[in-house]
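The values are calculated or read from the model by the stated rules, or taken from the named source; none is laboratory data. Keep in mind that this is a model prediction, so the values were computed, not measured. Because the Cβ atoms are built from the backbone with ideal geometry, glycine has one as well, and the counts that use them run over all protein chains shown. Accessible surface is based on the protein model in full, side chains and every heavy atom, while ligands, DNA and RNA are left aside. Shrake-Rupley method; radii C 1.70, N 1.55, O 1.52, S 1.80 Å.
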Amino acid sequence: MNIVHRITVLVIISAIVLIAQSQDTTHPNKIRRQRFTCPEKSAASNCNCVDDSSETTFSCPNSNPTLEVTVLDHSRVYFKCYDDAVHDFRKLPNITIGNVSLLSVTDCMLDEGRPILETFGFLGVTNVRNLGYYNYKKAVQYNAGYFEGLEQLENLTLSRGVESLEKDTFSRFHNLKRLTIDHNSLDLLPGTFETLENLTYLGLDYNQINELKPGLFNGLRNLEALSLSFNKIKNLSAGSFNGLNSIRMLNLRVNYIESFDVETFAELTELSRLEITLNQFASLPSGLFSRNAKLKTLILTNNRKLATLPEELLANLQKLTIINLSHNGIRQLPQSLFRGSSGVTELNLGNNRLESLPEELLSDQQQLQVLKLDHNQLESIPEYFLERNVELQTLHLSHNQLKSLSEKVFSKLTNLKELHLENNRLLTIPQFVFSGTPKLEELYMQNNLLAWHKNSFKHEELSFAENDNTPFQVLTKLRILNLKNNSILTIFQDWYINNLELQTLDLSFNKISALSDTQLQFQSNITMNLSNNEISQIVFLYDLEMQPSQIINVDLNNNPLNCNCNTLKFVQLVQSKSKNGLQFTIDQLHCVEPSNLQDISIDHLQTKDLLCDFESAEDCPKKCQCAMRTLDYTVIVNCSGRGLTEVPELPTPSKLHESFNSLELHIENNLLIELPNLTRNREISQIYASNNSIRELLPQNIPPSLRFMDLSHNKLQMIDDQTLITLNLSTHLETLQLSQNQWLCDCPASNFLIFVQQNSRLISDMSAVLCHPSGRSLDSITVNDLCYKDYTTRIVISFMVAAFGLLVGLISVLFFRYQTEVKVWLFTHNLFLSLITEEELDKDKLYDAFISYSHLDEEFIVDELIPKLENEPMNFKTCWHVRDFMPGEMIMTQIIKSIEASRRTVIVLSKNFLESSWAKQEFRQAHVQSMEENRVRVIVVIYDDIGDIDNLDGDLKAYLKTKTYVKWGDPWFWQKLRYAMPHSLKVKGIKSAVSEIKLEQVKTMDAPTAV
């Protein structure tokens, strides 16, 4: 068994080897690719290599690398150098990438004279099929030696840095199919490309080539595409393209071509696409394309000097299908321009200066599907201009000067699907202008002068017809209709009755003034733009019937909406956020009228504010405004703020309109002191009477159907029991407002309190219903509080009166029994001084005042003080020691006697006084007497600066810190001194002096204060 098993295994292995060898023999040219991996670190110690499954990146040096090699999918190599660094690629470690399909090198300088593969030999690439060298640095003079080893190249790109090309540069490339040389400054020599017999594409863009020398393209017998765009070629001659017998595509875009030889393209018999854009020629020779029978696409645009085209320039080109002659300066076209070229399907003549069109211009283009004549100066389209273009599907006539259209201009366009008439001056269009375009799906007519109204397309003989008979009535396939920015006044019913597949209707920036629900009865999903119109009325009467899953989106932004009662249904529909298919865009829709709702958005409207004025002003009371609210079929009479003293006669809602059965009365902010008898006004449901002077509420003031009454801010004090009964029996009453009145909170108001508290759910401002004047809330007190307070108050007052009477009697008896003793005691304790006077205590004293001073201040005493005190109007008697002391008697004894005989002692306090020992003795004696009698006997007059009080003697310092004084120099000096002198309260003039001076005794612990 073991031998058999081994033999079987050997047979299988041999078979696998033979199959592999046979595959290698069968496909000798198949490239074997091995996965490229990073070199060992020891071989590239100064480089960094990152390897993953699909991408390997190799960079040198490690920090701030100046070159980077990226290998993608093991077949594409991108090699880039940075920072203008000079590299010696021979010193780099070999990374041996192997077979690759693409090698792209950017900004890595070639070694002069060395082949490209040797210069970048460290890469180890082989079998390169596509090579791109992008050189932004040193220019290279290329020759065949640079491309040694690259004979198998199929695609070569040399971008920038090509200084010159020697004639043999491409001699090694027998398999090259695509060659791109761009962004250089080249002077190409004939024979440069003659060895590239298999080349199919040659790109020579951006090379500043100014001429094509004869023989330049010799040998390129298989070239199919040549691009010469963005050069400086000025003229093209008959031999410019010799040798290009197979070319099919030629690009001459953005050059300086000024003229063509009539034979320029004669040898390009296989040419199918030609682009000549942004050049400088002003005319083209007749027959320029006559030999290009296979031409399919011609792009001849943006040549602004080209004003006209020769006869039959594009005639008899049966293969020609696409012609683009836009953005030139063409003013007129010859009628034979396209004659015989019956295969044209797309023709673009837009953005020229055409003012008219030959009627037979397109008579042979029966296969035409797209025609663009936009952005010209056309004022009209010939009636039969499009008669034979029955296959036309897209027609652009926008941005012209069209004022009208012939009724038959589109009559043969039975396959037309898209029509552009926007940005013209159309005032109207014929009623049957679209009768021949039943397949029309998109119609653009925005930015014209269309001023249609509801009768624009109606005739007297057809006035009975239900349809509007608009030009759109036959367009049953119409999906898009754009009429933006015209002067259309109405929404035609044809759009929602006949245009059954309409999906987009743009009527923005027109003059539509009203919208009704019937105008939204579309049968398909549609977006309708009505923004920026003059829609003031939106009237919805019924719920819109819509198909299941149907969506109608209406944009109503920026319209001057009048938010009256007619918009009620619309507002309710918007605010309901209904999930049905009718949707409105209204984020920029606000009320413009009435003034009280101005600038309010629809989302924030209160439906109760949507009102309509009376049709007849005679039905409204004078000085009042009347309106109707369809929300609850209520008539509103607004007489607020009119200075009324009585309520006018009110209308009966049911007589105004059979559907109205309620009246809302506004009489707030007037001068009313009472309400009228309203029991006969059975339809009054709401009364707003705040801010008046209403003093009472009576049963006859309450209508039978009253639901709401506002009596706040009046002068109500109480509601009587009969009125309370009426309110309790009112079955309709829902809300009562009573705050800011003068409610009495006494025992008679107990029934009112019970009503208020039992009906708190009716009184919406209950927390603000307060007692006057206490301000206590009625919901916080009880009936016991009201009545108990009344009884207690009576008892307390009676007791106080009795007690006061007893006290007065007792005092009277004691006073008359001990009259003298009481007066002395009262005067000593400063009590009831109005009952006594100092005259009674000091009646035996000889002097009013003893004058104590220093003899050094005698001039002030003699000249000022004594004359003023002893003469009118004071007339005081003073004791002056110079005059009144008895000679021979001891001075100290006389001082004591004089002070005791005087009602006051006037101390003239000065520096001199403080230095006089006699003066100090006089002060002490007077101070002692004052303390003994507990009376103010000492009057201190500060005559001059006495310094810091804290430095004075103890008694004097203590006195000045606790008693008042008079200061010489004070404007009120004499009045204050006179008040301090003894006087009787009954003496004439004393009372007025006290009132005038209002002398206050000020006591301070820090410093004395002047009286």
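Quick look at the numbers
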item: Selection status of residue 609, acidic (Asp, Glu), surrounded by fewer than 18 Cβ atoms within 10 Å (Cβ to Cβ) and at pLDDT below 90; result: no
item: Residue within the range 543-555 that is β-branched (Val, Ile, Thr) and within 17 Å of residue 454 (Cα to Cα) present; result: no
item: Any hit, the range 33-53, residues being hydrophobic (A, V, I, L, M, F, W, C), modelled with pLDDT under 60, open to solvent by 30 Å² or more (accessible area, probe 1.4 Å) and farther than 30 Å from residue 160 by Cα; result: no
item: Condition broken by residue 733, with the remaining ones in (1) touching a strand residue (DSSP E or B) at 6+ places or on another chain (Cβ under 8 Å); (2) open to solvent by 10 Å² or more (accessible area, probe 1.4 Å); (3) part of a helix (DSSP H, G or I) satisfied; result: (3)
item: Segments classed as strands (runs of 3 or more DSSP E), wholly inside the range 588-666, with at least 1 members that are β-branched (Val, Ile, Thr) and closer than 23 Å to residue 680 by Cβ; result: 634-638
item: The range 496-527 - residue that is among the aromatic types (Phe, Trp, Tyr) and closer than 17 Å to residue 551 by Cβ and, of those, farthest from the chain's Cα centre (by Cα); result: 496
item: Where residue 538 falls short, out of the listed (1) more than 27 Å from residue 423 (Cβ to Cβ); (2) aliphatic (A, V, I, L, M); (3) in contact with a Lys or Arg (Cβ under 7 Å, 6 or more places away or on another chain); result: (3)
item: Scope the range 274-314; condition touching a Gly at 6+ places or on another chain (Cβ under 7 Å) and either surrounded by fewer than 20 Cβ atoms within 10 Å (Cβ to Cβ) or among the basic types (Lys, Arg) (or both); matching residues; result: 304, 305, 307
item: Filter result (at pLDDT 95 or above and open to solvent by 70 Å² or more (accessible area, probe 1.4 Å)) within the range 196-223; result: 206, 208
item: Matching residues, the range 86-106, being open to solvent by less than 50 Å² (accessible area, probe 1.4 Å), assigned to a loop (DSSP other than H, G, I, E, B) and farther than 17 Å from residue 161 by Cβ; result: 92, 93, 95, 97, 100, 101
item: Within the range 530-563, tally of residues that are open to solvent by 40 Å² or more (accessible area, probe 1.4 Å), in contact with a Phe, Trp or Tyr (Cβ under 9 Å, 6 or more places away or on another chain) and in a strand (DSSP E or B); result: 2
item: Given (1) under 23 Å from residue 398 (Cβ atoms); (2) in contact with a Lys or Arg (Cβ under 9 Å, 6 or more places away or on another chain), number of the condition residue 543 does not satisfy; result: (1)
item: Criterion violated by residue 645 - all others in (1) within 26 Å of residue 741 (Cα to Cα); (2) within 45 Å of the chain's Cα centre (by Cα); (3) among the hydroxyl-bearing types (Ser, Thr, Tyr) satisfied; result: (2)
item: Breaking point among (1) at pLDDT 90 or above; (2) under 30 Å from residue 431 (Cβ atoms); (3) open to solvent by 80 Å² or more (accessible area, probe 1.4 Å), for residue 598; result: (2)
item: Residue in the range 324-340 that is touching a strand residue (DSSP E or B) at 6+ places or on another chain (Cβ under 8 Å), part of a loop (DSSP other than H, G, I, E, B) and hydroxyl-bearing (Ser, Thr, Tyr) present; result: yes
item: Some residue of the range 323-331 being closer than 30 Å to residue 501 by Cβ, among the polar types (S, T, N, Q) and crowded, with 17+ Cβ neighbours inside 10 Å; result: no
item: Hits in the range 141-155 - residues which are buried (at least 20 other Cβ atoms within 10 Å of the Cβ) and either without any contact (Cβ under 8 Å) to a residue 24 or more places away in the chain or out of contact with any Lys or Arg (no Cβ under 7 Å at 6 or more places or on another chain) (or both); result: 142, 146
item: Considering residues of the range 653-675 that are touching a Lys or Arg at 6+ places or on another chain (Cβ under 9 Å) and open to solvent by 50 Å² or more (accessible area, probe 1.4 Å) only, the residue nearest to residue 620 (Cα to Cα); result: 669
item: Condition met for residue 566 (open to solvent by 10 Å² or more (accessible area, probe 1.4 Å) and either over 28 Å from the mean Cα position of the chain (by Cα) or charged (D, E, K, R) (or both)); result: yes
item: Some residue of the range 770-789 being open to solvent by 40 Å² or more (accessible area, probe 1.4 Å), at pLDDT 85 or above and touching a strand residue (DSSP E or B) at 6+ places or on another chain (Cβ under 6 Å); result: yes
item: Residue tally, condition surrounded by 15 or more Cβ atoms within 10 Å (Cβ to Cβ) and on the phi > 0 side of the Ramachandran plot, over the range 54-76; result: 1
item: Test: residue in the range 107-128 that is modelled with pLDDT of 95 or more, open to solvent by less than 50 Å² (accessible area, probe 1.4 Å) and in a strand (DSSP E or B); result: no
